[in-house]
Amino acid sequence: MIVAVLGANGQLGSDIIRAAAAPDRRIETVALCRKDLDACDLVSVPTILSKYRFDVLINCTGYHKTDEVEGRATEAFRINAHAVGALAKACKARGARFVHISTDYVFDGETRRPYIEMDQATPLNVYGASKLLGEKLAQREHGDRTLIVRVASLFGVAGSSGKGGNFVETILKKGRESGEVRVVNDITMSPTSTLDAARVILDLLRKDAKNGIYHVVNSGAATWFEFARRIIEEAGVAAKVTPMTSGEYPTAAIRPGYTVLDNRKTAQIVGEIADWRDALRQYLEEKGHVRPAQSCVLGQG
């Protein structure tokens with residue numbers, strides 16, 4: 001199996017490349033960045049993809065700046081939706097499987113139990129709406145060989161180039177510099193390691209998972225405050241973490257108050273997915289924020 005990764009220099013894409021090279025997988029990959037293929041150039045997508053040999057294309061690209069896209073809806077829908085449809089169509093033409101990375105923000109947060117794949121998606125903001133349309137276009141163009149993978153609250157060693165890092169590093173930096181961090185405590189989500197997500201995505205492909213939607217997140221849930229407090233405690237930073245309401249931190253985009261994703265459907269195929277606390281510990285060890293625990297084996301193998 002040859003897997004092409006579009007957005008290979010990003011937080012998730014780079015970990016898919018890394019996970020594919022592990023001894024227990026050894027999946028051949030083709031790393032594609034924007035300089036290789038601009039998915040927004042819809043007309044050129046089929047021609048450019050024809051230059052590469054692959055069995056699967058994983059699309060990790062997207063316009064992820066949730067607040068910024070509120071004022072740039074046309075661009076957001078072009079990148080997060082119409083480009084996705086073009087990629088799916090190109091994959092269908094060459095008989096390749098397509099994997100599209102989506103988001104928990106397709107949900108409105110009105111439920112207070114983890115969302116399953118078949119729950120109705122009713123996004124509250126432009127980002128979520130554009131990603132949902134991307135899901136629908138991918139399924140319309142190539143539904144017989146498409147996996148829609150919803151992820152959430154990602155953190156990985158490469159950091160998010162579009163957001164200038166990730167939440168973990170931001171919290172550690174603020175904690176060390178000011179000694180206090182204020183974080184919202186009324187939004188609950190599924191903190192997720194990009195390395196664990198990458199391993200699971202590849203395992204879904206290796207196990208020839210049926211086409212459709214899959215929630216790929218670490219197990220467990222947390223508010224952003226709980227996540228931040230765990231980061232500070234694990235890293236041993238002498239900083240106070242104080243809860244606040246989202247109303248005290250107004251943003252351009254409305255954010256759903258609860259977007260925990262149920263990963264049981266995915267786990268039935270790939271096996272148990274690591275708890276987010278274990279994934280965080282592994283991340284902190286790899287980044288050198290804490291010393292490795294000798295007997296600790298984390299993540300999805």
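The values are calculated or read from the model by the stated rules, or taken from the named source; none is laboratory data. Bear in mind that the values here come from a model prediction, so they are computed numbers and not experimental data. In this analysis, Cβ positions are derived from the backbone assuming ideal geometry, glycine residues included, and neighbour counts consider all displayed protein chains. Just so you know, the surface numbers come from the protein's heavy atoms only, side chains and all, with ligands and any DNA or RNA stripped out. Shrake-Rupley method; radii C 1.70, N 1.55, O 1.52, S 1.80 Å.
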- Message: Looking at segment 281-301, I want the residues that are at pLDDT 90 or above and have a partner that is exposed (fewer than 10 other Cβ atoms within 10 Å of the Cβ) with Cβ atoms under 8 Å, at least 6 apart or on another chain. Which pairs are those?
- Response: GLU285/ARG291
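For GLU234, are the conditions met, namely being open to solvent by 60 Å² or more (accessible area, probe 1.4 Å), closer than 17 Å to VAL168 by Cα and outside any loop (DSSP other than H, G, I, E, B)? Give the derivation first.
Details: open to solvent by 60 Å² or more (accessible area, probe 1.4 Å): no; closer than 17 Å to VAL168 by Cα: yes; outside any loop (DSSP other than H, G, I, E, B): yes.
Criteria not met by GLU234.
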- Item | One residue from ILE27, ILE58, ILE2, ILE17 being touching a Phe, Trp or Tyr at 6+ places or on another chain (Cβ under 7 Å), among the hydrophobic types (A, V, I, L, M, F, W, C) and closer than 15 Å to ASP203 by Cα | ILE2
- Query: If you check VAL181 against the conditions, is it closer than 26 Å to ASP108 by Cα and either in a helix (DSSP H, G or I) or open to solvent by less than 20 Å² (accessible area, probe 1.4 Å) (or both)?
  - Reply: no
- Message: If I ask for residues that are surrounded by 19 or more Cβ atoms within 10 Å (Cβ to Cβ) and acidic (Asp, Glu), which ones from segment 53-104 would you list?
- Response: ASP104
- Task: Quickly run through segment 189-205 and pick out the residues that are within 17 Å of ILE116 (Cβ to Cβ) and buried (at least 24 other Cβ atoms within 10 Å of the Cβ).
- Result: MET189, SER190, THR192, VAL200
- Odd one out for ASP208, checked against (1) closer than 30 Å to ASP144 by Cβ; (2) of a type in the set (D, E, K, R); (3) at pLDDT 95 or above; (4) surrounded by fewer than 19 Cβ atoms within 10 Å (Cβ to Cβ): (3)
- Within segment 166-201, count every residue that is without any contact (Cβ under 8 Å) to a residue 40 or more places away in the chain and polar (S, T, N, Q). 1
- Within segment 182-197, can one find any residue that is among the small types (Gly, Ala, Ser) and within 20 Å of VAL5 (Cα to Cα)? yes
- Query: Does THR223 satisfy the condition of being in contact with a Phe, Trp or Tyr (Cβ under 6 Å, 6 or more places away or on another chain) and open to solvent by less than 20 Å² (accessible area, probe 1.4 Å)?
  - Reply: no
- Go through segment 254-286 and count every residue that is open to solvent by 40 Å² or more (accessible area, probe 1.4 Å), in a loop (DSSP other than H, G, I, E, B) and more than 22 Å from ARG230 (Cβ to Cβ). 1
- Task: Might you check whether a residue that is surrounded by fewer than 20 Cβ atoms within 10 Å (Cβ to Cβ), closer than 29 Å to PHE167 by Cβ and of a type in the set (A, V, I, L, M) occurs anywhere in segment 28-51?
- Result: yes
